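Peer 1: My questions will all concern the structure given below.
The values are calculated or read from the model by the stated rules, or taken from the named source; none is laboratory data. Being a predicted model, the structure only gives us computed values, none of them experimental. Reconstructed Cβ throughout: ideal geometry from the backbone, glycine too, with neighbour counts over all protein chains shown. SASA here: full protein model, heavy atoms, side chains in, ligands and nucleic acids out. Shrake-Rupley method; radii C 1.70, N 1.55, O 1.52, S 1.80 Å.
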Amino acid sequence: MNVERISAPGFEGYVKSEIGGRKENQDSYGWISAPVGLIVTVCDGMGGGPAGKMASSISVDSILKFMIDLKNQRMPVEELVVKAIEYANLCVYEKACAQPELMGMGSTCTVLVLKMGTAVLAHVGDSRIYQLRGHKKVFRTFDHSLVFELVKQKVITEEQARQSSQSNIITRALGLKDKVEIELTTLDFKRGDRFMLSSDGIHGSMPEKELLEIVCDRQQPVGDIVAQLADKVDAIGKEKGGGHDNMTLVLIDCNEESVPGSDGFFGKVCDFFKNLF
């Protein structure tokens, strides 16, 4: 199946990252189970030669390093996530400044932290995070891209944006400047919810409705879904002549008994007091 398992107390997930039709896989990902919760990050590099892969690798490594540093553990999770991404941005930027041949390199970024019924999400660029419940989308990050600015203005639809020749032009990235604008969201989640992180090689390959039908399938093990979807995206790219983008996909199921809204006794107690107060 060639997928990596993500295992942490209360969560189970799988990740797969493939080269697609490119010469190099410039996507990077990482995850770790830490005191603050399950941390997952996916970054998609940009830049010629080795620069894109370097930018995404530095971003992932820097984010995880910052978030598990003991001296940073006293921060609120939201602040910790923002500071970690700012640190990663500076690491990429300084690396590019030190080596002129790397100037212009950058990376998208998604970070997800899950613990006790609360999800903290942050993103920069057009890599995405989805929250799925049953067969429906509860939340999705909004791309920082040229075409999605047109979607926001209701000039084009999201499907037209996906098919546009300018769909890969992003308006935010790590490493281009010494400061970066980060979009942060905090959400509640329930037992049975599923989270997806993806680079644009995945969600840009097909209409969102078709994508969600696949990833919301509750009849198959989540690892099989990840493997089959990656194979499907690769096949779509080859049918169109190859040269298709790198693709990284993470699916995580929330199985915690102790999260608000869970089906277990403790979850019902949490819901009772939540509603009471």
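Peer 1: What is the spin-label model distance, in nm, from Gln153 to Gln228 if the labels are put 7 Å beyond Cα along the C-beta direction?
Peer 2: 4.1
Peer 1: Label point 7 Å out from Gln219 along Cα-to-Cβ: which residues of segment 118-148 have amide N under 18 Å?
Peer 2: Backbone N within reach: 134-136.
Peer 1: Measure off 7 Å from each Cα along the Cα-to-Cβ vector at Glu4 and Leu70, then give the distance between these two points in nanometres to one decimal.
Peer 2: 2.6
Peer 1: Once segment 46-195 is represented by equal point scatterers at the alpha-carbon sites, with solvent omitted, what log10 I(q)/I(0) does the Debye formula produce at q = 0.10, 0.12, 0.14, 0.21 Å⁻¹?
Peer 2: -0.39, -0.56, -0.75, -1.28
Peer 1: Which one is right for this structure if percent of Cα pairs over 24 Å apart is calculated from it: [x] 71; [y] 49; [z] 58?
Peer 2: It is the one labelled [y].
Peer 1: If you roll a 1.4 Å probe over the heavy atoms of the protein chains, what accessible area per residue do you get for the chain, in Å²?
Peer 2: Averaged over the residues of the chain, the accessible area is 47 Å².
Peer 1: List the relative contact order of the chain as a percent without decimals, with contacts defined as Cα pairs under 8 Å and 6+ residues apart.
Peer 2: Once normalised by length, the contact order is 25 percent.
Peer 1: Loop sites only, by DSSP: take the GluC sites (Glu not before Pro) in the chain that have at most 16 other C-beta atoms within 10 Å and name the longest stretch containing none of them. The partial results should precede the final answer.
Peer 2: Numbers: sites that count: Glu24, Glu181, Glu257.
Here the longest run is 25-180.
Peer 1: Another question about this same structure. Any chance you could check the Cα centroid distance between segment 115-169 and segment 183-258 for me, in angstrom?
Peer 2: Using only Cα atoms to place each centre, the spacing works out to 13 Å.
Peer 1: Could you run the Karplus curve 6.51 cos²θ - 1.76 cosθ + 1.60 with θ = phi - 60° over segment 199-215 and give me ³J(HN,Hα) per residue in whole Hz, x for Gly and Pro?
Peer 2: Working through the residues one at a time gives 7, 5, x, 8, 6, x, 8, 7, x, 4, 4, 5, 4, 5, 4, 6, 6 Hz.
Peer 1: Between Glu78 and Lys136, what FRET efficiency comes out of the Förster formula 1/(1 + (r/R0)^6) with R0 = 25 Å and r the beta carbon distance, rounded to 0.05?
Peer 2: 0.45
Peer 1: Moving to a separate point now. Quick one: which residues, 5+ away or cross-chain, put their amide H under 5 Å from the amide H of Arg172? H built at 1.01 Å from N.
Peer 2: Those qualifying (amide H under 5 Å, at least 5 residues apart or on another chain) are Gly125.
Peer 1: Trypsin sites (Lys or Arg not before Pro) within segment 1-107: which are DSSP loop residues with at most 12 other Cβ atoms inside 10 Å? Mind showing how you got there, number by number?
Peer 2: Working: sites: Arg5, Lys16, Arg22, Lys23, Lys53, Lys65, Lys71, Arg74, Lys83, Lys95; in loops: Arg22, Lys23, Arg74.
Those that pass, being in a loop and sparsely packed, are Lys23, Arg74.
Peer 1: Carbon and sulfur: what percent of segment 1-51's accessible surface (1.4 Å probe)?
Peer 2: 51
Peer 1: Between Glu183 and residues 5 or more places away or on another chain, which pairs have amide H atoms under 5 Å apart, with H built 1.01 Å from N, and which residues are they?
Peer 2: Under 5 Å from the amide H of Glu183 lie the amide H atoms of His123, each far enough along the sequence or on another chain.
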